[in-house]
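These notes concern the structure reproduced below.
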Amino acid sequence: MEFVAIILGGVLINNFVFSRFLGICPFLGVSQKVETAMGMSMAVIFVMTVASAITWPVYHLLLDPLGIEYLRTVAFILVIASLVQFVEIVMQKVSPTLYQALGIYLPLITTNCAVLGAAILNVQAEYTFIQAVVNGLAAAVGWALAIVLFAGIRERLDLADVPRPLQGFPIALITTGLMSISFFGFQGLFKQLFVR
Amino acid sequence: MGRLVKDFYNGILPENPVFRLLLGMCPVLAVTTAVANGFWMGMAVIFVLTCSNVIISAVRPFIPRQIRIPCFIVVIATFVTIVDLVMHAFLPGMYEILGIFIPLIVVNCIILARAEAFASRNPVPRAAADGLGMGVGFTVALVVIAAVRELLGTGNLVVAGRALFGAGLPIDPALVMILPPGAFITMGILLGALNLVGKKKE
(Lines give C-alpha, C1' and ligand atoms only; values in the text may rest on other atoms or scores of the structure.)
Protein backbone atom coordinates (compact mmCIF):
# COMPACT_ATOMS: atom_id res chain seq x y z
CA MET A 1 0.00 0.00 0.00
CA GLU A 2 2.86 2.28 0.88
CA PHE A 3 4.44 1.74 -2.54
CA VAL A 4 1.13 2.34 -4.29
CA ALA A 5 0.99 5.67 -2.51
CA ILE A 6 4.55 6.57 -3.55
CA ILE A 7 3.95 5.56 -7.16
CA LEU A 8 0.59 7.30 -7.54
CA GLY A 9 1.97 10.33 -5.74
CA GLY A 10 5.03 10.52 -7.95
CA VAL A 11 3.36 9.89 -11.27
CA LEU A 12 0.08 11.75 -10.95
CA ILE A 13 -0.36 13.87 -7.86
CA ASN A 14 3.01 15.45 -7.27
CA ASN A 15 3.90 15.30 -10.93
CA PHE A 16 7.38 16.76 -11.37
CA VAL A 17 6.41 19.06 -14.22
CA PHE A 18 2.89 20.10 -13.32
CA SER A 19 3.09 20.58 -9.61
CA ARG A 20 6.72 20.56 -8.49
CA PHE A 21 8.23 22.51 -11.40
CA LEU A 22 11.23 20.26 -11.84
CA GLY A 23 12.81 19.55 -15.20
CA ILE A 24 11.05 22.38 -17.03
CA CYS A 25 14.01 23.25 -19.32
CA PRO A 26 14.15 19.88 -21.10
CA PHE A 27 10.36 19.69 -20.89
CA LEU A 28 10.10 22.81 -23.04
CA GLY A 29 13.27 22.12 -25.01
CA VAL A 30 12.86 18.58 -26.36
CA SER A 31 9.09 18.35 -26.74
CA GLN A 32 8.83 19.33 -30.40
CA LYS A 33 8.17 15.76 -31.54
CA VAL A 34 6.68 12.76 -29.76
CA GLU A 35 9.57 10.61 -30.95
CA THR A 36 12.31 12.76 -29.38
CA ALA A 37 10.19 13.18 -26.26
CA MET A 38 10.05 9.38 -25.95
CA GLY A 39 13.82 9.11 -26.35
CA MET A 40 14.44 11.73 -23.68
CA SER A 41 11.89 10.06 -21.39
CA MET A 42 13.61 6.69 -21.58
CA ALA A 43 16.97 8.29 -20.80
CA VAL A 44 15.51 10.22 -17.85
CA ILE A 45 13.69 7.18 -16.42
CA PHE A 46 16.89 5.16 -16.55
CA VAL A 47 19.21 7.82 -15.12
CA MET A 48 16.80 8.99 -12.43
CA THR A 49 16.19 5.47 -11.10
CA VAL A 50 19.91 4.68 -11.02
CA ALA A 51 20.72 8.10 -9.55
CA SER A 52 18.22 7.52 -6.73
CA ALA A 53 19.83 4.14 -6.06
CA ILE A 54 23.35 5.59 -5.95
CA THR A 55 22.77 8.84 -4.07
CA TRP A 56 21.02 6.97 -1.23
CA PRO A 57 24.14 5.09 -0.05
CA VAL A 58 26.31 8.15 -0.75
CA TYR A 59 24.23 10.15 1.70
CA HIS A 60 23.29 7.53 4.29
CA LEU A 61 26.53 5.53 4.37
CA LEU A 62 29.07 8.24 3.64
CA LEU A 63 27.98 11.84 4.25
CA ASP A 64 25.69 11.21 7.21
CA PRO A 65 28.02 9.02 9.34
CA LEU A 66 30.93 11.39 8.70
CA GLY A 67 28.82 14.38 9.70
CA ILE A 68 29.41 16.23 6.44
CA GLU A 69 25.81 16.48 5.23
CA TYR A 70 26.48 20.03 4.10
CA LEU A 71 28.47 18.59 1.18
CA ARG A 72 25.25 17.01 -0.09
CA THR A 73 24.74 19.31 -3.06
CA VAL A 74 28.35 19.09 -4.24
CA ALA A 75 28.52 15.33 -3.75
CA PHE A 76 25.19 14.62 -5.47
CA ILE A 77 25.88 16.73 -8.53
CA LEU A 78 29.30 15.12 -8.97
CA VAL A 79 27.83 11.63 -8.59
CA ILE A 80 25.08 12.39 -11.09
CA ALA A 81 27.43 14.00 -13.61
CA SER A 82 29.83 11.07 -13.50
CA LEU A 83 26.96 8.59 -13.54
CA VAL A 84 25.65 10.12 -16.75
CA GLN A 85 29.11 9.99 -18.30
CA PHE A 86 29.52 6.37 -17.16
CA VAL A 87 26.14 5.30 -18.49
CA GLU A 88 27.02 6.89 -21.81
CA ILE A 89 30.30 4.96 -22.09
CA VAL A 90 28.80 1.63 -21.02
CA MET A 91 25.84 2.02 -23.34
CA GLN A 92 28.09 2.83 -26.28
CA LYS A 93 30.01 -0.39 -25.68
CA VAL A 94 27.20 -2.77 -24.70
CA SER A 95 24.29 -1.65 -26.83
CA PRO A 96 25.19 0.61 -29.75
CA THR A 97 21.58 0.68 -30.96
CA LEU A 98 20.32 1.95 -27.63
CA TYR A 99 23.20 4.44 -27.59
CA GLN A 100 22.17 5.69 -31.02
CA ALA A 101 18.64 6.20 -29.78
CA LEU A 102 19.42 7.84 -26.44
CA GLY A 103 22.97 9.12 -26.98
CA ILE A 104 22.21 12.73 -27.72
CA TYR A 105 19.90 13.06 -24.73
CA LEU A 106 22.25 11.73 -22.11
CA PRO A 107 24.60 14.72 -21.74
CA LEU A 108 21.55 16.97 -21.40
CA ILE A 109 20.42 15.09 -18.33
CA THR A 110 23.20 16.42 -16.11
CA THR A 111 21.53 19.81 -16.12
CA ASN A 112 18.04 18.35 -15.72
CA CYS A 113 17.10 19.58 -12.29
CA ALA A 114 14.60 16.73 -11.95
CA VAL A 115 17.41 14.22 -11.33
CA LEU A 116 19.11 16.22 -8.58
CA GLY A 117 15.67 17.21 -7.31
CA ALA A 118 14.61 13.59 -6.92
CA ALA A 119 17.82 12.75 -5.07
CA ILE A 120 17.36 15.66 -2.64
CA LEU A 121 13.65 14.92 -2.13
CA ASN A 122 14.54 11.32 -1.27
CA VAL A 123 16.84 12.55 1.48
CA GLN A 124 14.31 15.08 2.77
CA ALA A 125 11.50 12.51 2.88
CA GLU A 126 13.81 10.13 4.79
CA TYR A 127 12.95 7.23 2.51
CA THR A 128 14.50 3.80 2.91
CA PHE A 129 16.60 2.51 0.03
CA ILE A 130 13.74 0.70 -1.72
CA GLN A 131 11.33 3.57 -1.19
CA ALA A 132 13.89 5.98 -2.62
CA VAL A 133 14.39 3.89 -5.77
CA VAL A 134 10.64 3.45 -6.25
CA ASN A 135 10.14 7.17 -5.73
CA GLY A 136 12.84 8.04 -8.27
CA LEU A 137 11.30 5.67 -10.80
CA ALA A 138 7.77 6.97 -10.20
CA ALA A 139 8.82 10.60 -10.47
CA ALA A 140 10.66 9.86 -13.72
CA VAL A 141 7.65 8.04 -15.14
CA GLY A 142 5.49 11.02 -14.21
CA TRP A 143 7.93 13.35 -15.96
CA ALA A 144 7.92 11.08 -19.02
CA LEU A 145 4.12 10.97 -19.08
CA ALA A 146 4.00 14.77 -18.96
CA ILE A 147 6.51 15.35 -21.76
CA VAL A 148 5.03 12.71 -24.10
CA LEU A 149 1.49 14.09 -23.65
CA PHE A 150 2.81 17.60 -24.14
CA ALA A 151 4.74 16.68 -27.29
CA GLY A 152 1.56 15.16 -28.72
CA ILE A 153 -0.31 18.42 -28.16
CA ARG A 154 2.59 20.46 -29.45
CA GLU A 155 2.70 18.58 -32.75
CA ARG A 156 -0.89 19.63 -33.31
CA LEU A 157 -0.22 23.20 -32.17
CA ASP A 158 2.11 23.57 -35.15
CA LEU A 159 -0.90 23.23 -37.43
CA ALA A 160 -3.22 25.38 -35.33
CA ASP A 161 -3.88 29.04 -36.02
CA VAL A 162 -2.17 30.66 -33.03
CA PRO A 163 -2.13 34.49 -32.70
CA ARG A 164 1.28 35.72 -33.79
CA PRO A 165 2.57 37.10 -30.42
CA LEU A 166 1.70 33.83 -28.69
CA GLN A 167 3.46 31.56 -31.16
CA GLY A 168 6.23 29.34 -29.82
CA PHE A 169 6.97 29.43 -26.11
CA PRO A 170 4.02 31.54 -24.88
CA ILE A 171 1.39 29.14 -26.21
CA ALA A 172 3.46 26.17 -25.04
CA LEU A 173 3.46 27.58 -21.50
CA ILE A 174 -0.27 28.30 -21.56
CA THR A 175 -0.88 24.74 -22.78
CA THR A 176 1.21 23.43 -19.92
CA GLY A 177 -0.86 25.53 -17.52
CA LEU A 178 -4.08 23.97 -18.79
CA MET A 179 -2.58 20.47 -18.53
CA SER A 180 -1.52 21.32 -15.01
CA ILE A 181 -5.09 22.27 -14.12
CA SER A 182 -6.32 18.90 -15.38
CA PHE A 183 -3.65 17.08 -13.37
CA PHE A 184 -5.02 18.84 -10.31
CA GLY A 185 -7.99 16.54 -10.63
CA PHE A 186 -5.85 13.64 -9.46
CA GLN A 187 -5.56 15.13 -5.98
CA GLY A 188 -9.15 14.05 -5.36
CA LEU A 189 -8.22 10.53 -6.41
CA PHE A 190 -5.66 10.33 -3.66
CA LYS A 191 -8.16 11.37 -1.01
CA GLN A 192 -10.67 8.81 -2.23
CA LEU A 193 -8.13 6.03 -2.07
CA PHE A 194 -6.28 6.67 1.14
CA VAL A 195 -8.16 9.02 3.41
CA ARG A 196 -11.32 7.29 4.36
CA MET B 1 34.25 51.54 -17.79
CA GLY B 2 31.66 51.99 -20.51
CA ARG B 3 32.16 48.38 -21.45
CA LEU B 4 31.45 47.19 -17.90
CA VAL B 5 28.23 49.18 -17.82
CA LYS B 6 27.26 47.62 -21.13
CA ASP B 7 28.00 44.09 -19.83
CA PHE B 8 25.92 44.83 -16.75
CA TYR B 9 23.01 46.29 -18.70
CA ASN B 10 23.06 43.42 -21.21
CA GLY B 11 21.64 40.99 -18.66
CA ILE B 12 18.85 43.27 -17.55
CA LEU B 13 17.07 43.97 -20.84
CA PRO B 14 18.73 42.94 -24.13
CA GLU B 15 19.48 39.42 -22.95
CA ASN B 16 17.26 39.05 -19.92
CA PRO B 17 17.81 35.42 -18.87
CA VAL B 18 14.14 34.77 -18.16
CA PHE B 19 12.23 36.78 -20.75
CA ARG B 20 14.74 36.66 -23.62
CA LEU B 21 16.81 33.52 -23.18
CA LEU B 22 14.19 31.42 -21.33
CA LEU B 23 16.84 29.92 -19.07
CA GLY B 24 16.36 28.61 -15.56
CA MET B 25 12.60 28.29 -15.79
CA CYS B 26 12.10 25.92 -12.85
CA PRO B 27 12.66 28.40 -10.01
CA VAL B 28 11.01 31.15 -12.06
CA LEU B 29 7.77 29.20 -12.08
CA ALA B 30 8.07 27.60 -8.67
CA VAL B 31 8.90 30.44 -6.29
CA THR B 32 6.92 33.30 -7.83
CA THR B 33 3.88 32.82 -5.61
CA ALA B 34 4.74 36.00 -3.70
CA VAL B 35 6.98 39.01 -4.37
CA ALA B 36 9.11 38.35 -1.28
CA ASN B 37 9.88 34.79 -2.38
CA GLY B 38 10.85 35.94 -5.86
CA PHE B 39 13.07 38.66 -4.42
CA TRP B 40 15.03 36.37 -2.08
CA MET B 41 15.43 33.71 -4.75
CA GLY B 42 16.81 36.47 -6.98
CA MET B 43 19.26 37.56 -4.26
CA ALA B 44 20.54 34.00 -3.92
CA VAL B 45 21.03 33.74 -7.67
CA ILE B 46 22.80 37.13 -7.87
CA PHE B 47 25.27 35.99 -5.21
CA VAL B 48 25.98 32.60 -6.79
CA LEU B 49 26.16 33.95 -10.34
CA THR B 50 28.49 36.85 -9.53
CA CYS B 51 30.82 34.84 -7.30
CA SER B 52 31.03 31.86 -9.64
CA ASN B 53 31.63 34.12 -12.65
CA VAL B 54 34.47 35.88 -10.82
CA ILE B 55 36.16 32.67 -9.66
CA ILE B 56 35.76 30.89 -12.99
CA SER B 57 37.11 33.89 -14.86
CA ALA B 58 40.06 34.12 -12.43
CA VAL B 59 41.06 30.45 -12.73
CA ARG B 60 40.30 30.08 -16.43
CA PRO B 61 43.98 29.92 -17.54
CA PHE B 62 44.56 26.87 -15.30
CA ILE B 63 41.57 24.73 -16.24
CA PRO B 64 42.13 22.22 -19.06
CA ARG B 65 39.42 22.50 -21.70
CA GLN B 66 38.30 18.86 -21.48
CA ILE B 67 37.34 18.95 -17.81
CA ARG B 68 36.07 22.51 -17.63
CA ILE B 69 32.39 21.61 -17.10
CA PRO B 70 32.98 19.48 -13.94
CA CYS B 71 35.26 22.25 -12.63
CA PHE B 72 32.57 24.88 -13.20
CA ILE B 73 29.99 22.70 -11.48
CA VAL B 74 32.16 22.26 -8.38
CA VAL B 75 32.74 26.03 -8.14
CA ILE B 76 29.02 26.71 -8.55
CA ALA B 77 28.02 23.98 -6.08
CA THR B 78 30.36 25.47 -3.48
CA PHE B 79 28.70 28.87 -3.65
CA VAL B 80 25.27 27.28 -3.62
CA THR B 81 26.20 25.44 -0.44
CA ILE B 82 27.27 28.76 1.11
CA VAL B 83 23.91 30.34 0.22
CA ASP B 84 22.10 27.26 1.49
CA LEU B 85 23.80 27.42 4.90
CA VAL B 86 23.54 31.22 5.25
CA MET B 87 19.83 31.27 4.39
CA HIS B 88 19.16 28.35 6.70
CA ALA B 89 20.78 30.29 9.54
CA PHE B 90 19.51 33.82 8.97
CA LEU B 91 16.27 33.49 6.99
CA PRO B 92 14.78 30.21 8.22
CA GLY B 93 11.22 31.11 7.16
CA MET B 94 12.25 31.96 3.61
CA TYR B 95 14.52 28.89 3.52
CA GLU B 96 11.49 26.69 4.26
CA ILE B 97 9.46 28.32 1.47
CA LEU B 98 12.16 28.20 -1.21
CA GLY B 99 13.03 24.68 -0.06
CA ILE B 100 14.52 22.45 -2.68
CA PHE B 101 15.03 25.30 -5.14
CA ILE B 102 18.00 26.65 -3.18
CA PRO B 103 20.20 23.54 -3.68
CA LEU B 104 18.82 23.31 -7.21
CA ILE B 105 20.50 26.60 -8.13
CA VAL B 106 23.43 24.30 -8.98
CA VAL B 107 21.66 22.95 -12.01
CA ASN B 108 20.10 26.26 -13.02
CA CYS B 109 21.01 26.60 -16.68
CA ILE B 110 21.67 30.36 -16.43
CA ILE B 111 24.64 29.92 -14.16
CA LEU B 112 26.38 27.20 -16.16
CA ALA B 113 25.51 29.01 -19.39
CA ARG B 114 27.15 32.26 -18.21
CA ALA B 115 30.18 30.36 -16.90
CA GLU B 116 30.63 28.63 -20.24
CA ALA B 117 29.66 31.43 -22.60
CA PHE B 118 31.06 34.45 -20.79
CA ALA B 119 33.14 33.98 -17.64
CA SER B 120 35.49 31.38 -19.15
CA ARG B 121 36.35 33.77 -22.00
CA ASN B 122 36.56 37.19 -20.37
CA PRO B 123 38.64 38.98 -17.70
CA VAL B 124 37.47 39.17 -14.09
CA PRO B 125 35.88 42.67 -14.05
CA ARG B 126 33.77 41.96 -17.13
CA ALA B 127 32.73 38.55 -15.77
CA ALA B 128 31.66 40.21 -12.51
CA ALA B 129 29.63 42.84 -14.38
CA ASP B 130 27.99 40.14 -16.50
CA GLY B 131 27.13 37.99 -13.48
CA LEU B 132 25.69 40.93 -11.60
CA GLY B 133 23.67 42.10 -14.61
CA MET B 134 22.28 38.65 -15.38
CA GLY B 135 21.43 38.15 -11.69
CA VAL B 136 19.64 41.49 -11.48
CA GLY B 137 17.79 40.73 -14.72
CA PHE B 138 16.71 37.40 -13.28
CA THR B 139 15.55 39.05 -10.05
CA VAL B 140 13.58 41.73 -11.90
CA ALA B 141 11.84 39.05 -13.96
CA LEU B 142 10.99 37.02 -10.85
CA VAL B 143 9.60 40.06 -9.03
CA VAL B 144 7.47 41.09 -12.03
CA ILE B 145 5.98 37.60 -12.44
CA ALA B 146 5.48 37.25 -8.70
CA ALA B 147 3.76 40.65 -8.51
CA VAL B 148 1.25 39.66 -11.19
CA ARG B 149 0.54 36.32 -9.54
CA GLU B 150 0.32 37.64 -6.01
CA LEU B 151 -1.94 40.51 -7.04
CA LEU B 152 -4.36 38.33 -8.98
CA GLY B 153 -4.12 35.36 -6.65
CA THR B 154 -4.55 37.09 -3.30
CA GLY B 155 -5.85 40.54 -4.27
CA ASN B 156 -2.97 42.27 -2.51
CA LEU B 157 0.79 42.82 -2.60
CA VAL B 158 2.95 42.30 0.46
CA VAL B 159 6.25 44.19 0.30
CA ALA B 160 8.64 44.04 3.25
CA GLY B 161 5.90 42.61 5.47
CA ARG B 162 3.43 45.40 4.71
CA ALA B 163 0.34 45.07 2.51
CA LEU B 164 0.34 47.72 -0.23
CA PHE B 165 -3.40 47.87 -0.73
CA GLY B 166 -4.59 47.86 2.87
CA ALA B 167 -7.63 45.63 2.94
CA GLY B 168 -6.98 44.35 -0.57
CA LEU B 169 -8.27 45.14 -4.04
CA PRO B 170 -11.99 44.97 -4.69
CA ILE B 171 -11.60 41.83 -6.82
CA ASP B 172 -12.32 38.20 -6.22
CA PRO B 173 -8.86 36.66 -5.87
CA ALA B 174 -8.29 33.88 -8.40
CA LEU B 175 -6.64 31.21 -6.27
CA VAL B 176 -5.47 29.39 -9.37
CA MET B 177 -2.91 32.14 -10.00
CA ILE B 178 -0.83 31.16 -6.98
CA LEU B 179 -1.28 27.45 -7.67
CA PRO B 180 1.06 25.74 -10.18
CA PRO B 181 -1.18 26.23 -13.26
CA GLY B 182 -1.17 30.01 -12.69
CA ALA B 183 2.62 30.06 -13.00
CA PHE B 184 2.58 28.59 -16.48
CA ILE B 185 -0.30 30.72 -17.69
CA THR B 186 1.10 33.99 -16.28
CA MET B 187 4.49 33.29 -17.82
CA GLY B 188 2.94 32.44 -21.19
CA ILE B 189 0.80 35.57 -21.28
CA LEU B 190 3.67 37.81 -20.14
CA LEU B 191 5.93 36.42 -22.89
CA GLY B 192 3.14 36.95 -25.42
CA ALA B 193 2.67 40.54 -24.23
CA LEU B 194 6.43 41.17 -24.48
CA ASN B 195 6.40 39.84 -28.04
CA LEU B 196 3.57 42.20 -28.88
CA VAL B 197 5.38 45.23 -27.41
CA GLY B 198 8.65 44.20 -29.07
CA LYS B 199 6.92 44.01 -32.47
CA LYS B 200 5.38 47.49 -32.11
CA LYS B 201 8.80 49.02 -31.37
CA GLU B 202 10.31 47.62 -34.54
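Label positions at B:H88 and B:N156, each projected 7 Å from the Cα along the C-beta direction, are separated by 3.3 nm.
Compute the accessible area per residue over the stretch B:1-65, keeping the other protein chains in place, probe 1.4 Å, unit Å².
I get 45 Å² per residue for this part.
Here the accessible area is traced with a 1.4 Å probe on the protein chains. For the protein assembly as shown, carbon and sulfur cover 69 percent of it.
Taking amide H positions as modeled 1.01 Å from N, with prolines and chain starts lacking one, the residues under 5 Å from B:V159 and 5 or more places away or on another chain are B:L164. Remark: the stretch B:109-118, residue by residue, has Karplus-estimated 3J(HN,Hα) of 4, 4, 5, 5, 5, 5, 4, 6, 7, 10 Hz, where x stands for each Gly or Pro and the curve is 6.51 cos²θ - 1.76 cosθ + 1.60 at θ = phi - 60°. Per residue, the solvent-accessible area of the stretch A:50-196 (1.4 Å probe, heavy atoms of protein chains only, all protein chains present) comes to 51 Å².
Applying the Karplus relation 6.51 cos²θ - 1.76 cosθ + 1.60 with θ = phi - 60° to the stretch A:59-71 yields 3J(HN,Hα) values of 6, 7, 9, 10, 5, 5, x, 7, x, 10, 4, 5, 7 Hz, where x marks Gly and Pro. Looking at the square roots a ≥ b ≥ c of the eigenvalues of the Cα gyration tensor of the protein assembly as shown, which shape do they give, rounded for a/c under 1.5, prolate if a/b is larger than b/c, or oblate? It comes out rounded by the Cα gyration axes. Multiplying the residue separation of A:L157 and A:S95 by 0.36 nm and subtracting their alpha-carbon distance yields 18.8 nm.
In this assembly, the B-A interface accounts for approximately 3000 Å² of buried accessible surface in total, computed with a 1.4 Å probe and without ligands, DNA or RNA.
Going from the chain on its own to the full set of protein chains, the stretch A:60-91 has these residues losing 10 Å² or more of accessible surface (heavy atoms, 1.4 Å probe, no ligands, DNA or RNA): A:Y70, A:R72, A:T73, A:V74, A:I77, A:L78.
Label the stretch B:2-143 by shape, choosing from rounded, prolate and oblate, from the square roots a ≥ b ≥ c of the eigenvalues of the Cα gyration tensor; if a/c is under 1.5 it is rounded, and otherwise prolate applies when a/b is larger than b/c, oblate when it is not.
oblate
Loop-located trypsin sites (Lys or Arg not before Pro) in the stretch A:25-104 (DSSP state not H, G, I, E or B) with no more than 15 neighbouring Cβ atoms inside 10 Å: A:K33.
With a/c under 1.5 counting as rounded, go ahead and sort chain A into rounded, prolate or oblate using the C-alpha gyration tensor (a ≥ b ≥ c being the square roots of the eigenvalues; past the cut-off, prolate if a/b is larger than b/c, else oblate). Cα axes put chain A in the oblate bin. Using the Karplus relation 6.51 cos²θ - 1.76 cosθ + 1.60 with θ = phi - 60°, the per-residue 3J(HN,Hα) values for the stretch B:15-29 come to 10, 3, x, 8, 7, 9, 9, 6, 9, x, 6, 4, x, 4, 7 Hz, with x marking Gly and Pro.
Of A:Q167, A:Q85, A:Q32, which is the most mobile in a GNM of chain A whose springs link Cα atoms less than 10 angstrom apart? Sorting by GNM fluctuation, first place goes to A:Q167. For the stretch A:110-195, applying the loop criterion from DSSP together with a ceiling of 13 other beta carbons within 10 Å to the chymotrypsin sites (Phe, Trp or Tyr not before Pro) yields no site.
The values are calculated or read from the model by the stated rules, or taken from the named source; none is laboratory data. Quantities reported herein were computed from a predicted structural model and do not represent experimental measurements. Don't worry about glycine lacking a Cβ; one is built from the backbone with ideal geometry, like all the others, and counts go over all protein chains shown. Ligands, DNA and RNA are excluded from the accessible area calculation, which covers all protein heavy atoms including side chains. Shrake-Rupley method; radii C 1.70, N 1.55, O 1.52, S 1.80 Å.
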